[in-house]
Amino acid sequence: MPLVSMRQLLDEAAQGGYAIGAFNVNNMEQIQAIMEAARETRSPVVVQASRGARSYAQDRYLYHLMLAAVELYPEIPLVLHLDHGNSPETCKSAIEMGFTSVMMDGSLMPDGKTPSTFEYNVEATRKVVEMAHARGVTVEGEIGTLGGIEDGHGAGVDALSHLTDPDQAAEFVKLTGVDALAIAIGTSHGAYKFKEKPTGETLRMDRLIEIHKKLPNTHLVMHGSSSVPKELQDIINAYGGKLRPTWGVPVEEIQRGIRNGVRKINVDTDNRLAITGAIRKVFAETPEKFDPRDYLKPAREAMRQVVMARMTAFGQAGHAGDYAPLPLEEMARRYAA
Ligand code: G3H
Ligand code: 13P
Ligand code: ZN
């Protein structure tokens, strides 16, 4: 099966009461780690690439690595999704390259920093929906602004200052026709999300539940959802790294989200931590080694473990064979109808 529609995976997840982890990639080893985890757990998969990833890996490398994954793992429904598209042009270039799903993040201006207006967001997102749906491609929008700027995404605002407004969210979905909606509930990208274990004050699950009540049929997306496990921080710090104490989004809170309409969960940082910890360990313990395979293999294995754990916790494990993926042409026909 070729790369498939994300909408179908999320619809199936909604029916089954589970969610799909969307894991960021920049290179071959990360794609391999995800695909092996998917085979082992029999999970449908969303692989996502940011603008940074597309420029780091180059679109064609990325695309052909994904085609290799399709060929090698025919039993796994596999989506290639653009993470945080900053403009309709970026989304267009992704669609032309073969992405089967795109995020138009119109919560920020094309600089990826300045919070936009509601009107700008609606306009940019609607444009992308029109262009994408004509080709059967899925669209994720975002309303509200995530905190932080550490990884270059975000306004640098406090995570609680631009939470998603439930009424605006409902209006946004109605006006744009997005397939999935990313919301801001106090999370941020990167390792430094919370200074202590998040409480109901800092991670606003109540807000998520309110949004779900207004939009019971919309697939919600949680960004900034790495859990930043202490064990992974400790490995990095034990081998010469310098991470400050920090907390991420507890897996139990994500599971509460899944019971309240969350169907896609974005995870990048946990995999970055796992990879870096594994590489540091090899460097520290066997400084005589210099064959990249000696540290990239354990790095890939460490990421595979994290991805398997998330796939299991999110409930997507075991669902790879539930349905026959629809071709994008069929999705396009459905959108047109
Ligand atoms: O949205 C953030 C993801 O972690 C991707 O980050 O832009 O550094 O590739 P990146
Ligand atoms: P983390 O930094 O928490 O992994 O979030 C990734 C993300 O939201 C990508 O869009
Ligand atoms: Zn994100």
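Counting the residues of segment 158-202 that are part of a loop (DSSP other than H, G, I, E, B), in contact with a Ser or Thr (Cβ under 8 Å, 6 or more places away or on another chain) and closer than 24 Å to VAL128 by Cβ gives 7.
The set of residues in segment 24-42 being of a type in the set (S, T, N, Q) and touching a residue at least 60 places away in the same chain (Cβ under 8 Å) consists of ASN24, GLN30, GLN32, THR41.
Number of residues in segment 81-106 that are of a type in the set (A, V, I, L, M, F, W, C) and away from ligand 2 (no atom under 16 Å from the Cβ) equals 2. All but one of (1) without any contact (Cβ under 8 Å) to a residue 40 or more places away in the chain; (2) in contact with a helix residue (DSSP H, G or I) (Cβ under 8 Å, 6 or more places away or on another chain) hold for VAL262; state the number of the condition that does not hold. Every condition holds for VAL262 apart from (1).
For segment 264-287, taking the residues that are among the charged types (D, E, K, R) and within 18 Å of SER227 (Cβ to Cβ), the one that is nearest to ligand 1 (Cβ to nearest atom) is identified as ASP268.
Can you find even one residue in segment 185-200 that is more than 16 Å from ligand 3 (Cβ to nearest atom), touching a strand residue (DSSP E or B) at 6+ places or on another chain (Cβ under 8 Å), basic (Lys, Arg) and over 21 Å from ILE211 (Cα atoms)? Yes: one or more hits.
Evaluation of GLY248 against the conditions (1) surrounded by fewer than 16 Cβ atoms within 10 Å (Cβ to Cβ); (2) small (Gly, Ala, Ser); (3) within 16 Å of ligand 3 (Cβ to nearest atom) shows that the sole unmet condition is (1). When you scan segment 23-53, how many residues do you find that are within 15 Å of ligand 2 (Cβ to nearest atom), buried (at least 23 other Cβ atoms within 10 Å of the Cβ) and part of a helix (DSSP H, G or I)? Going through segment 23-53 one residue at a time, the tally reaches 3.
Of all residues in segment 219-233, those that are within 14 Å of GLY186 (Cβ to Cβ) and within 15 Å of ligand 3 (Cβ to nearest atom) have Cβ atoms under 7 Å from Cβ atoms of residues that are part of a loop (DSSP other than H, G, I, E, B) and hydroxyl-bearing (Ser, Thr, Tyr), 6 or more apart or on another chain, in MET222/THR187; HIS223/THR187; GLY224/THR187; SER225/THR187. Looking across segment 61-95 at every residue that is of a type in the set (Phe, Trp, Tyr) and touching a helix residue (DSSP H, G or I) at 6+ places or on another chain (Cβ under 8 Å), the one that is nearest to SER107 (Cα to Cα) is identified as TYR63.
Looking across segment 203-212, the residues that are more than 17 Å from GLY17 (Cβ to Cβ), assigned to a helix (DSSP H, G or I) and in contact (Cβ under 8 Å) with a residue 40 or more places away in the chain come down to MET205, ARG207, GLU210, ILE211. Within this structure, GLY85 fails the test of being under 26 Å from PRO298 (Cβ atoms), within 13 Å of ligand 1 (Cβ to nearest atom), touching a residue at least 24 places away in the same chain (Cβ under 8 Å) and under 15 Å from the mean Cα position of the chain (by Cα).
Computed from the coordinates by the stated procedures, all read-outs in this text should not be read as laboratory data. Computed from a predicted model, the values in this text were never measured in an experiment. FYI the Cβ positions are ideal-geometry reconstructions off the backbone, even for glycines, and counts take in every protein chain you see.
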